[in-house]
Amino acid sequence: MSATPETTTEKLTFRRYKEGDTKVKRWQEKIFQASYSYKCPTYVQSTPPCQGSCPAGEDIRGYLNIVRGIEKPPAGVMGADGKPMSWQEYAWRRLTEANPLPSVMGRVCPAPCETGCNRNQVEDHVGINSVEHYLGDWAIQNNLKFKAPETRTGKKVAIIGGGPAGLSAAYHLTMKGHSCTIFDEHEFLGGMMRYGIPGYRTPRDTLDAEIQRILDLGVEVHLKTRIGTHVSMEQLRESFDAIFLGLGAQAGRALPIPGDAEANSASNVVTATAFLKAFNDGRLKTVGRRVVVVGGGDTSMDVATVARRLGHITQAKPTDWEGAIAGQMAQDVADVSLRQGAEVTLTSVYMTASKPEIEHAQAEGITIMGGWMPIGVVKGPDGRATALRVMQCEAKMVSGRLDIKKIDGTEKELPADLIVSAIGQAVDFTGIEEFNSGKGMVAADKNYQVTGKPGVFAGGDVIRPHLLTTAVGHGAIAADGIDQFLAGVEPGRRPKIDVHSFDLMRKYVEKGVTLGEIKEPLRGTCDDKNAVHNYENRSDRYVIPHDQLFLGHFQYTDRNKRHITHLTKESALGNFDERLDPLTEAQVIAEAKRCMSCGQCFECDNCVVYCPQTAVYKVKKTETMTGRYVATDYDKCIGCHICADVCPTGYIQMGLGE
């Protein structure tokens, strides 16, 4: 016969410490006891990988939640049309807090956000670019404007360069109350968006509309003005309180042929930047019959597809297109109707262009030779190039560097009437040599202040040639640094994850819910109305991975894809129409609903339904808001983990009580 020892029944309080405890114990040692644990759920807002991958730092999850209807425009807020604000305008305004050029970027950005999207673990990424495209176009069609700040600081900032970095800096600085003046050496603003990308990828009316919206904030512009030639840096320093260098890298790089300085001297061997600028300026109308492009990035694809569209005219003289590219004259278009398709060949050591661009080029009849490197230029008696000599090679990335091995005995010649080097860009420091770091770029700190130049900041390709979206992000970060500099504040450390994130406190203000004086204790309670106790924002330091989500919640749903006009070798000739159509309103909403809202509640009710203790409950309707849909009664919670296990977004984590 066994005896049952006497036990004392004590009412459970689920507190981590008891009265009289003075020593902190490791929670790991007492994590589970019978049917309860000391670890209770907390609501942790994290950065989704799409935002963590976005060079512009957009609040992607935020505007997708607006599009899908989870977060709604604040009650009583009027839109630009004088009516209650539409979800389109509200989403666009959230988007443009980071990126003032959504219609352009929605078309041309290669979308690293989509590569990082956790939905790829289910079936396919969310079409973030297509939603951005739709919102940008909707804003233009409905004549939306930015709201200028009511107060001005009286500080003036000079911005050198009117490309994506300069325009972004001007926008963000103006929104902070500073006065900005853009100096650009071209006839029009836009930088590489205008002079480096063909119009069938960035329609000029779209680009002009988004640039004009920034200028309408009161930004002053001086075109055809080169700093170092027409205006000196000394004059800028005397007239402005700070300077931003956003001049870009619009000087092309010559063919990488070691030991052959004469290879690039031929008049029909040109850089991609010169070629595209001549085309975008309207000077270049046709090319030679045989065009060879060297390079493997998206720019090389632009050159190749432009050459296919331009074609050649049999009786045209080589000096016609060479003079147009050199900027000496515009081609006579009288015989353009007689043009024929050009034979375009693209050689690349290592392909980095996006897969869709490669597929488009191949469909248009462009020959792509991967794994071939240029080793020389064959010239005729007149000094013009007649062919590009190439050699097969093997290339792979090793520790971030491209390792190239030549394959002996594979040399051959590619006949060419025009050779275009599209292997990258360089910065032209003429007149502003003081900013050259010695490596052809500008050296800057993490706040993008130029090393050893107080009050001078930089962004875009002058720091690191990359995406247009990267330049937009640089402009925003530099604007923060300039704002701190003008305020006389020592620049602080940038957050580990530098993105625009959802702001729960802003939603409290919009909802009219007021938090009172915060009193101790802050942790382990659920009744005090003066603090959001079981909520933590880790967006500045934590990107939530797919293995922290409950992926079983999501069903297979096909992506809503934009219609793309695919051209053939024949139909590409002379076709400069835009080939990418936006989604419809219904498609955009459906696509936004595919977003898994990683790291933030999207109101699925799983935690409420599956909690065995009814400890998880919906917040009162008068107080509910995005990011604050459910809460936990810690007098009922036993720490069973079920709510965290069934949370699709990873918003619930068993952290309270650590």
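Computed quantities for the displayed model
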| read-out | value |
| --- | --- |
| Answer from A249, A242, A263 - the residue that is surrounded by 18 or more Cβ atoms within 10 Å (Cβ to Cβ), more than 29 Å from K453 (Cβ to Cβ) and not charged (D, E, K, R) | A263 |
| The range 159-177: number of residues that are farther than 10 Å from I214 by Cα and surrounded by 24 or more Cβ atoms within 10 Å (Cβ to Cβ) | 10 |
| Criterion violated by L486 - all others in (1) in contact with an Asp or Glu (Cβ under 7 Å, 6 or more places away or on another chain); (2) surrounded by fewer than 20 Cβ atoms within 10 Å (Cβ to Cβ); (3) more than 27 Å from L64 (Cα to Cα) satisfied | (2) |
| Answer from T299, T286 - the residue that is in contact with a helix residue (DSSP H, G or I) (Cβ under 7 Å, 6 or more places away or on another chain), polar (S, T, N, Q) and farther than 17 Å from A251 by Cα | T286 |
| Test: residue in the range 185-194 that is among the hydrophobic types (A, V, I, L, M, F, W, C) and in contact with a Lys or Arg (Cβ under 9 Å, 6 or more places away or on another chain) | yes |
| Subset tally (residues that are among the acidic types (D, E) and in contact with a helix residue (DSSP H, G or I) (Cβ under 7 Å, 6 or more places away or on another chain)) for the range 435-465 | 1 |
| Scan of the range 165-190 for residues that are within 20 Å of T271 (Cβ to Cβ) and touching a helix residue (DSSP H, G or I) at 6+ places or on another chain (Cβ under 6 Å), ordered by number | G190 |
| Test: T174 is among the polar types (S, T, N, Q), assigned to a helix (DSSP H, G or I) and in the same structural domain as D483 (by TED's automatic domain parsing) | yes |
| In the range 396-448, the residues that are assigned to a strand (DSSP E or B), in contact (Cβ under 8 Å) with a residue 60 or more places away in the chain and closer than 28 Å to G246 by Cβ | V420, S421, Q425, A426 |
| The listed residue being modelled with pLDDT under 95, surrounded by fewer than 23 Cβ atoms within 10 Å (Cβ to Cβ), small (G, A, S) and in contact with a helix residue (DSSP H, G or I) (Cβ under 7 Å, 6 or more places away or on another chain), out of G79, G20 | G79 |
| Residues satisfying the stated conditions in the range 456-476, i.e. surrounded by fewer than 21 Cβ atoms within 10 Å (Cβ to Cβ) and of a type in the set (A, V, I, L, M) | L467 |
| Residue match in the range 201-224 (condition: touching a residue at least 24 places away in the same chain (Cβ under 8 Å), polar (S, T, N, Q), buried (at least 18 other Cβ atoms within 10 Å of the Cβ) and not assigned by TED's automatic domain parsing to the domain that holds C109) | yes |
| Filter result for V630 (among the β-branched types (V, I, T) and either in the same structural domain as P203 (by TED's automatic domain parsing) or more than 18 Å from E71 (Cβ to Cβ) (or both)) | no |
| Matching helices (runs of 4 or more DSSP H) fully within the range 248-330 where at least 2 residues are at pLDDT 90 or above and among the charged types (D, E, K, R) | 298-310 |
| Residue in the range 446-455 that is in contact with a Cys (Cβ under 7 Å, 6 or more places away or on another chain) and not assigned by TED's automatic domain parsing to the domain that holds L101 present | no |
| Subset of the range 94-131 [of a type in the set (D, E, K, R), touching a residue at least 40 places away in the same chain (Cβ under 8 Å) and part of a helix (DSSP H, G or I)] | R107, E114, R119 |
| Among (1) over 30 Å from R308 (Cβ atoms); (2) hydroxyl-bearing (S, T, Y); (3) in contact with a Ser or Thr (Cβ under 8 Å, 6 or more places away or on another chain) - the single one S399 does not satisfy | (3) |
| Residue count for the range 631-647, restricted to those that are without any contact (Cβ under 8 Å) to a residue 60 or more places away in the chain and among the β-branched types (V, I, T) | 1 |
| Residue list for the range 419-441, filter: under 18 Å from P55 (Cβ atoms) and either in contact with a Phe, Trp or Tyr (Cβ under 9 Å, 6 or more places away or on another chain) or modelled with pLDDT of 90 or more (or both) | M441 |
| Residue in the range 90-105 that is touching a strand residue (DSSP E or B) at 6+ places or on another chain (Cβ under 8 Å) and in the same structural domain as W138 (by TED's automatic domain parsing) present | no |
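Residues are listed down the side, and each one gets a yes or a no for (1) aromatic (F, W, Y); (2) free of Cβ contacts under 8 Å to residues at least 40 places away in the same chain; (3) exposed (fewer than 13 other Cβ atoms within 10 Å of the Cβ):
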| residue | (1), (2), (3) |
| --- | --- |
| I544 | no, no, no |
| Q555 | no, yes, yes |
| R559 | no, no, no |
| H566 | no, no, yes |
| D577 | no, no, yes |
| P582 | no, no, no |
| A586 | no, yes, yes |
| C595 | no, no, no |
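Listed here are the residues, each with its yes/no results for (1) part of a loop (DSSP other than H, G, I, E, B); (2) at pLDDT 95 or above; (3) closer than 15 Å to A165 by Cβ; (4) under 17 Å from the mean Cα position of the chain (by Cα).
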{"site": "G475", "(1), (2), (3), (4)": "no, yes, yes, yes"}
{"site": "V489", "(1), (2), (3), (4)": "yes, no, no, no"}
{"site": "M505", "(1), (2), (3), (4)": "no, no, no, no"}
{"site": "Y508", "(1), (2), (3), (4)": "no, no, no, no"}
{"site": "K529", "(1), (2), (3), (4)": "yes, no, no, no"}
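The values are calculated or read from the model by the stated rules, or taken from the named source; none is laboratory data. Note that the structure is predicted; figures quoted are calculated from it, not measured. Virtual Cβ from ideal backbone geometry, glycine too; neighbours counted across all protein chains shown.
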